[in-house]
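Encoded as structure tokens, the structure appears first; notes follow it.
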Amino acid sequence: MFESLRTRLTLWYVGILAAVLVSFSMGVYTLVERTLYAHQDARLRSVLDVSAAALSKSSQSAGSVAERLQKLEFPNQVVVVFDGEGTVIAQKPEGRGVRPCVPPKPYALKSLRFFELSDSAPDADDSCRGVYRDVRTADSGQPYFISASESSEPLSDQLDTLQNVLELGAAVAMLVAGVGGWLLARRSLAPLATMATTTQRITAENLDERVPVHNPRSELGQLATSFNQLLSRLSRSFSQQRQFMTDASHELRTPLSVMRTAAQVALQKPQRSESEYREALVSMEQQTQRLGRIVNDMFTLARSDSGNIVLQPAEMYLEEVLTEAAQTVSVLAKRKDIRLEMPPQQEAPYRGDDGLLRQMFINLLHNAVKYTREGGLVRVLLERRESEYRVIISDTGIGIPTEAQPYIFDRFFRADKSRTQTMDDNGAGLGLSIARLIAEVHKGRLELQRSDSTGSIFSVSLPRSPSSTVATFNRCVR
């Protein structure tokens, strides 16, 4: 029961309120009690002063003292006069039903004192409070003691009534607070219960379901919104993962199928000519190259996602890395009778991972050659600017459809128009993804500047700061 957040909030709320009410009630009770006793003491002192003044003017005889005392009027107080031996010589009011509230040994004390007697006192019918002092007559200076007292029962009844009111009020307030707190907590935490029920239904198969947001401006509404955003990211991640697995399976199956078919065709006859075997081996060799490239690209992306690849920066010349990449791709360009132009470049000292940079340039050049028609042109230019190097790779290819341009850097993405208009369909749609990853991990950027029916232009910007490449793949913006 106490594990429920609603119960704990209610108990905490009621406990705090109870502590406040108890403290407030005790403060009010103490203040009222002191005020009532202060007023009672003021009345008793006034009665005592009036009685003492009257008795001080009387003669030495007890009859004169009693006579003087009977002339005074006290509505609720009892005044008693004692002689020096403690014997009662006068009392007002008189009567058999009126019993004086006698102080303990009044003759033994020579100063103004307050006293209080409870119900158990032998000389009092009920609890009372009084004050007494000594007084002397004017003619002979005969010592007397005078006591003024009144019953404390009315005051006690008032305090009891106040205590009962405070206790009842505190109990009712805590009851109302407890019920109200429980209902308020239940209503406030209802979205959490809904979120819990909804999240229990959400699995990898229905990640499109969302948690209802009752009030977006409240804390729970913000939590629900954040949770929905998390579900959206998870949904995209799962979709990308499923798409990745589907595309990877398709891309890996194609070269394997071609290799198996070539082997089966070559083995259908017991003997074949050397040219037929060579043709089958060449086909299998091409497919193994493609398969190896796909596996390496997938391995690179997998390691980058897990953050296990660290750059190995070294001093280099960027134009040399670019030249080597162009020479590697030139073989494919010659097959398609494509001119690969790279004007003489000036020295471009740079610090970075030459292996990854070479892979990035090869991917871009291979992509440009692949989607350029026979007899076309691919041009490579290295510009040296004040704060960065810019590598521009342009081609006269078929271009990228406008609707596909926002997705060309996504993994395994290949525009249908590009696929249908090129004879070289050995790619897996990972080249541009890896190229952008390498540019970003070097604190640079890869952009598509233009693409239309006349060709495409890609640009790579790399900062010239030596410290800009001390980064890892896990810091790359995905």
In terms of modelled amide H atoms, which long-range or inter-chain residues lie less than 5 Å from the amide H of ARG373?
ILE398
Rounded, prolate or oblate: pick one for region 219-305, where a ≥ b ≥ c are the square roots of the eigenvalues of its C-alpha gyration tensor, a/c under 1.5 means rounded, and failing that, prolate if a/b is larger than b/c, else oblate.
prolate
Pairwise FRET efficiency - LEU189 versus LYS334, Cβ, R0 = 56 Å, nearest 0.05:
0.20
Ranked output for segments 18-31, 148-161, 354-367 by mean other Cβ atoms within 10 Å, highest leading, reads 354-367, 148-161, 18-31
Can you compute the modelled spin-label distance between THR288 and LEU175, with each label point 7 Å from Cα toward Cβ, in nm?
9.0 nm
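Suppose every Lys and Arg Cβ carries +1 and every Asp and Glu Cβ carries -1, with no other charges. What dipole size does region 219-305 come out with about its Cα centre, to the nearest 20 debye?
Dipole magnitude for region 219-305 comes out near 160 debye.
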Computed for region 136-247: size of charge dipole around the Cα centre, +1 on C-beta of each Lys and Arg, -1 on C-beta of each Asp and Glu, debye to nearest 20, value 1080 debye
Apply the Karplus curve 6.51 cos²θ - 1.76 cosθ + 1.60, θ = phi - 60°, to the phi angles in region 253-266 and return the couplings in whole Hz, x for Gly and Pro.
5, 5, x, 5, 5, 5, 5, 5, 5, 4, 5, 5, 5, 5
Each residue of region 161-175 in order: what ³J(HN,Hα) in whole Hz does its phi give by Karplus 6.51 cos²θ - 1.76 cosθ + 1.60, θ = phi - 60°, with x for Gly and Pro?
4, 4, 4, 5, 5, 5, 5, 5, x, 5, 5, 5, 4, 5, 5
Simple SL model, points at 7 angstrom along Cα→Cβ for GLN158 and SER4; separation in nm is 4.6 nm
How high is the relative contact order of region 138-243, in percent, counting Cα pairs under 8 Å that sit 6 or more residues apart?
17 percent
Placing +1 on each Lys and Arg Cβ and -1 on each Asp and Glu Cβ in region 219-305, then taking the dipole about the Cα centre, the residue among LEU291, GLN264, GLY221 whose Cα reaches farthest towards the positive end is GLN264
Sort THR288, THR402 so that the residue with the fewest other Cβ atoms within 10 Å of its own Cβ comes first and the one with the most comes last.
THR402, THR288
Along region 443-448, Karplus-curve 3J(HN,Hα) (6.51, -1.76, 1.60; θ = phi - 60°) to the nearest Hz, with x for Gly and Pro, reads 6, x, 8, 10, 9, 8
Gain on full stretching of the segment that runs from SER46 to ARG242 - 0.36 nm per residue minus C-alpha separation:
60.8 nm
How would PHE409, PHE458 line up from fewest to most surrounding beta-carbon atoms within 10 angstrom?
PHE409, PHE458
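Computed from the coordinates by the stated procedures, all read-outs in this text should not be read as laboratory data. This structure is a prediction, so every number in the text was calculated from the model and none was measured. Every residue, glycine among them, receives a Cβ derived from its backbone with ideal geometry; neighbour counts consider all protein chains shown.
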